[in-house]
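A.B. asks: One structure, pasted below without further comment.
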Amino acid sequence: MPNDDFEIKTISSDVNTHQFILEAHNDDLKCAGENSKKSRGKLPKIKILGTGGTIASKGACSSHTAGYHVDLTIQELLDAIPDISRICEIEYEQLCNVDSKEIDESALYSIYKGIADALQTFDGIVITHGTDTLAETTFFVDSCIDSGDVPIVFVGSMRPSTSISADGPMNLYQAICIAADKQSRGRGVLVSLNDQISAGYYSTKTNANTLDSFNVRQGYLGNFVNNEIHYYYPPVKPVVCHKFKLKMSPDVTSFTFPTVHILYAHQSFSPSLIDLVAKQCDGIVIATMGAGSLPDIVNDKCLHVGIPVVYSKRSMDGMVPRANLPKPLPEKEYNVIASGYLNPEKSRILLRLCLAEKHSISEIKEVFSGVYGG
Ligand code: ASP
């Protein structure tokens, strides 16, 4: 699609004068219409990795926003957005093409590898991904990859490509602009959805249906309006993020992490579930009823089950403080860990990574203390 009449701008505050200044995205873009070979050579190189999701889906008719299926390649997605050749040079690759409920260790591995490889030669990376488990992948990637200055921008959509007012093309277009923008450097893993830019580490899907599906209590980092990228803060990465260095032999094609299951607590929660699940896994995460609350009989079971048990929470917001763990006996280092700010699915990822590195209980607690748990 031709797109001749725009210019991407970043608005940033001039810290010395406290005035707002308008900057062109970069000098090359200002004169991009002339497209001299020299200026084109300086355009940022962006790698786009396709994994599927609603953004790559088709429904039966334009009013359907459910019951659709993944049916578009990353190339077809790119065909639906305006010409970006004045903004960046792109290369794209289809890593997989699935609904994000199917993202497993082997898909995660190809995403990890795709990003790690692209970091060597590209200035920015965009990953299209289903929104349902997008926050798990962004949390995983931010926990395992130090991208330095290179922005890693995840993007999806809530409406399939066939729907009236599909949000996918605009979301993808914005994600590419964000990845190409020098103001995005040094911000790690980002999520670009519904005109909002947020930190991948903190993003959570909070609405199963609406376009405004992600809510970030730690705050949005920026906004995209009419070809302008507005960052609210200078480049910053989550202070709490623990970086794991994954050790992999060259012949592997999938991760093999220890198994961690999540249990969802409720009134009359049966303590026997703990034993039942513990037989099939290396660690447990419990979505407790409040900030770590479980019936006494369940607490007692958790303290003696012999594998790490992370106390997370059902509540979308807030945290589980260490002080709410069942009282440990002074002479023993107990296996129960507070999740801090992490929800159950992110706690599961962090516990798996700790177990993969064969961390002791006290080391696991140390890692979780980064998110104010432990
Ligand atoms: N079912 C979709 C997925 O792949 C939802 C979405 O992408 O919005 O997660």
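The numbers here are math on the coordinates, done by the rules we state, and not lab data. These figures come from a predicted structure and were not determined experimentally. Note that each Cβ is placed from the backbone with ideal geometry, even for glycine, and that neighbours are counted across all protein chains shown.
A.B. asks: List the relative contact order of the chain as a percent without decimals, with contacts defined as Cα pairs under 8 Å and 6+ residues apart.
C.D. replies: On the way: 812 pairs, mean separation 49.3, N = 374.
Here the relative contact order equals 13 percent.
A.B. asks: With springs only between Cα atoms under 10 Å, which of Asn335, Asn171, Asn226 fluctuates most in a Gaussian network model of the chain?
C.D. replies: Comparing Asn335, Asn171, Asn226 in a Gaussian network model of the chain, the most mobile one is Asn226.
A.B. asks: In whole angstrom, how long is each semi-axis of the equivalent ellipsoid of segment 45-231, when you take the square root of 5 times every eigenvalue of its Cα gyration tensor and sort them from largest down?
C.D. replies: Details: eigenvalues 97, 62, 58 Å².
Working through the eigenvalues yields semi-axes of 22, 18, 17 Å.
A.B. asks: Something else now. Taking the Cβ of Ser100 as the center, what net charge do the other residues with Cβ under 9 Å away carry, scoring Lys and Arg +1 and Asp and Glu -1? Working shown, then result.
C.D. replies: On the way: positive: Lys101; negative: Asp99, Glu102, Asp132, Glu136.
Around Ser100, the charge tally is -3.
A.B. asks: Using 7 Å Cα-to-Cβ label points, what is the Glu102/Thr259 separation (nm, one decimal)?
C.D. replies: Here the modelled spin labels are 2.3 nm apart.
A.B. asks: Taking the 0 to 90 degree range and rounding to the nearest ten, how far is the long axis of helix 134-144 tilted relative to the main principal axis of the chain, both from C-alpha atoms?
C.D. replies: 80 degrees
A.B. asks: Based on other C-beta atoms within 10 Å, arrange Arg322, Arg217, Arg86 from fewest to most.
C.D. replies: Arg217, Arg322, Arg86
A.B. asks: Just for segment 114-215, what percent of DSSP beta bridges are antiparallel, to the closest 5? Provide the component values of the computation, followed by the final result.
C.D. replies: On the way: 5 of 12 bridges.
Around 40 percent antiparallel, to the nearest 5.
A.B. asks: Counting Lys and Arg as +1 and Asp and Glu as -1, what is the net charge of the other residues whose Cβ lies under 13 Å from the Cβ of Ala356?
C.D. replies: Numbers: positive: Lys245, Lys247, Arg348, Arg352, Lys358; negative: Glu105, Asp282, Glu357, Glu363.
Taking every Cβ under 13 Å from that of Ala356, the sum is +1.
A.B. asks: Find the centroid of the Cα atoms in segment 230-272 and in segment 287-342, then give the distance between the two in whole Å.
C.D. replies: 18 Å
A.B. asks: Sticking with this structure for a sec: Give me the number: length gained by fully extending Leu211 to Glu333, i.e. 0.36 nm times residue separation minus the C-alpha to C-alpha distance, one decimal in nm.
C.D. replies: Working: separation 122, 0.36 × 122 = 43.92 nm, distance 4.55 nm.
Gain in length upon complete extension: 39.4 nm.
A.B. asks: When the Kirkwood radius is taken over all Cα pairs of the chain, what Stokes-Einstein diffusion coefficient follows at 10 °C and 1.306 mPa s, in µm²/s? Please report the intermediate quantities before stating the final value.
C.D. replies: Working: Rh = 21.9 Å.
Translational diffusion coefficient: 73 µm²/s.
A.B. asks: Beyond 30 Å between alpha-carbons counts as too far, so tell me which of Lys182/Lys358; Lys205/Lys243; Lys42/Lys245; Lys101/Lys327; Lys45/Lys358 fall in that bin. All intermediate terms of the calculation are to be shown ahead of the outcome.
C.D. replies: Numbers: Lys182/Lys358 38 Å; Lys205/Lys243 23 Å; Lys42/Lys245 32 Å; Lys101/Lys327 37 Å; Lys45/Lys358 38 Å.
With Cα atoms farther than 30 Å apart: Lys182/Lys358; Lys42/Lys245; Lys101/Lys327; Lys45/Lys358.
A.B. asks: Quick check: from the Cα gyration tensor, does segment 260-369 come out rounded (a/c under 1.5), prolate or oblate? Provide the component values of the computation, followed by the final result.
C.D. replies: Working: a/c = 1.22, a/b = 1.12, b/c = 1.09.
Here segment 260-369 falls in the rounded category.
A.B. asks: Could you compute the net charge surrounding Asp142? Neighbours are other residues with a C-beta less than 12 Å from the C-beta of Asp142; K and R count +1, D and E count -1. Each step should come with its number before you reach the end.
C.D. replies: Numbers: positive: Arg187, Lys237, Lys243, Lys346; negative: Glu136, Asp146.
Net charge in that neighbourhood comes out at +2.
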